[in-house]
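The values are calculated or read from the model by the stated rules, or taken from the named source; none is laboratory data. Please read these numbers as outputs of a predicted model, since none were measured by experiment. When we count neighbours, we look across all protein chains shown, and the Cβ atoms used for this are built from the backbone with ideal geometry, even at glycine.
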């Protein structure tokens, strides 16, 4: 009988300070490996020097004033953006040969930018306090994002700012016009800020006599809440991510929607329903952080899994609603023919399709490298039924 391998040791970073060797636990929500080379930086470190070191993969563990570290991070971002947009030190960019190449180059540039900016590091004590001058109290935000931790650690300032931003989203919530309520996303759970797809779910005609619905990949619980508002008496909302289930539970309790049952499941629970709704990640690709799980779907796994399993979970006369952007098609990442073949191969047929144009700022931003695809994007609700 093979032995179970022991769990991997937590990653650590190592550095020299005051002539002494030091190490600390490394924390990265995006899964970035611990930097191999770490030097001490403080208020006297010039931004140009810091940027050069960060580009070379050298991390800077901050020992100066916290607010000065924020300013340094902003300076690093400006340098990264200038060089990424053809600044004087950048090579003349080659025109992409296709929308797909433009997308991959854009992701590559964004990934490099993220790695560079993640090189500015902060120390954290066991209680999530930051031992730096003028450091804010981030204990609540970190507890919300990470839960309890068992030792001091080091993480990037960029990650901390994401944690703080998520805390503000969670505290203030997102106004959902079709609910006439606010939804409060948690750290690592995608925020429902693109309201056009919510309007599709709020207004598409329900199947006749629908009583039971499934919300597959519920996230914040916003689609389940919309279905409850439309009068569905029983809804089962599933997700694989414990953070998402905790977020949805808190939102649904706040809204008083006790007709929604939450369940941890990979796609479908073991039951049938009159209506099955799914808003899978819209782009095929590998996510680079937990929040990107709502955007990138490796090999369209969730999309194909939903289509393949929907028929077996539909009650007679039921419908499956697929909410999906066609941005992947305009980027050359997934042709429409593949989607139609997956629908047909699953024994499903298209009853109707409801389309809406995105209203987010990027759709009208001509400077966006993916503007041609974004300006042509449609978000659709596909009403599907068994053949």
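Suppose the filter is in a loop (DSSP other than H, G, I, E, B) and at pLDDT below 95; does residue 375 pass it? For residue 375, the condition - in a loop (DSSP other than H, G, I, E, B) and at pLDDT below 95 - is not met. For first residues located in the range 331-344 and assigned to a helix (DSSP H, G or I), partners that are surrounded by fewer than 11 Cβ atoms within 10 Å (Cβ to Cβ) and at pLDDT below 95 and lie 6+ apart or on another chain with Cβ distances below 9 Å form the pairs 344/387. Given the condition farther than 15 Å from residue 377 by Cβ, in the same structural domain as residue 221 (by TED's automatic domain parsing), surrounded by fewer than 22 Cβ atoms within 10 Å (Cβ to Cβ) and more than 16 Å from the chain's Cα centre (by Cα), answer yes or no: does some residue in the range 280-289 qualify? The answer is no, given that none of the residues of the range 280-289 is farther than 15 Å from residue 377 by Cβ, in the same structural domain as residue 221 (by TED's automatic domain parsing), surrounded by fewer than 22 Cβ atoms within 10 Å (Cβ to Cβ) and more than 16 Å from the chain's Cα centre (by Cα). For the range 174-223, a residue qualifies if it is on the phi > 0 side of the Ramachandran plot and touching a residue at least 12 places away in the same chain (Cβ under 8 Å), and the qualifying residues are 188, 209, 217, 219, 221.
Answer yes or no: is there a residue in the range 348-371 that is assigned by TED's automatic domain parsing to the domain that holds residue 298, modelled with pLDDT of 90 or more, surrounded by 17 or more Cβ atoms within 10 Å (Cβ to Cβ) and outside any strand (DSSP E or B). Among the residues of the range 348-371, not one is assigned by TED's automatic domain parsing to the domain that holds residue 298, modelled with pLDDT of 90 or more, surrounded by 17 or more Cβ atoms within 10 Å (Cβ to Cβ) and outside any strand (DSSP E or B), which makes the answer no. In the range 260-269, of all residues being surrounded by fewer than 24 Cβ atoms within 10 Å (Cβ to Cβ) and in contact with a helix residue (DSSP H, G or I) (Cβ under 9 Å, 6 or more places away or on another chain), the one that is nearest to residue 243 (Cα to Cα) corresponds to 264.
Report yes if some residue within the range 51-69 is modelled with pLDDT under 95, assigned by TED's automatic domain parsing to the domain that holds residue 136 and more than 21 Å from residue 160 (Cα to Cα); otherwise report no. Taking every residue of the range 51-69 in turn, none turns out to be modelled with pLDDT under 95, assigned by TED's automatic domain parsing to the domain that holds residue 136 and more than 21 Å from residue 160 (Cα to Cα).
The numbered conditions (1) at pLDDT 95 or above; (2) over 17 Å from residue 112 (Cβ atoms); (3) surrounded by fewer than 18 Cβ atoms within 10 Å (Cβ to Cβ) are all true for residue 18 except (1).
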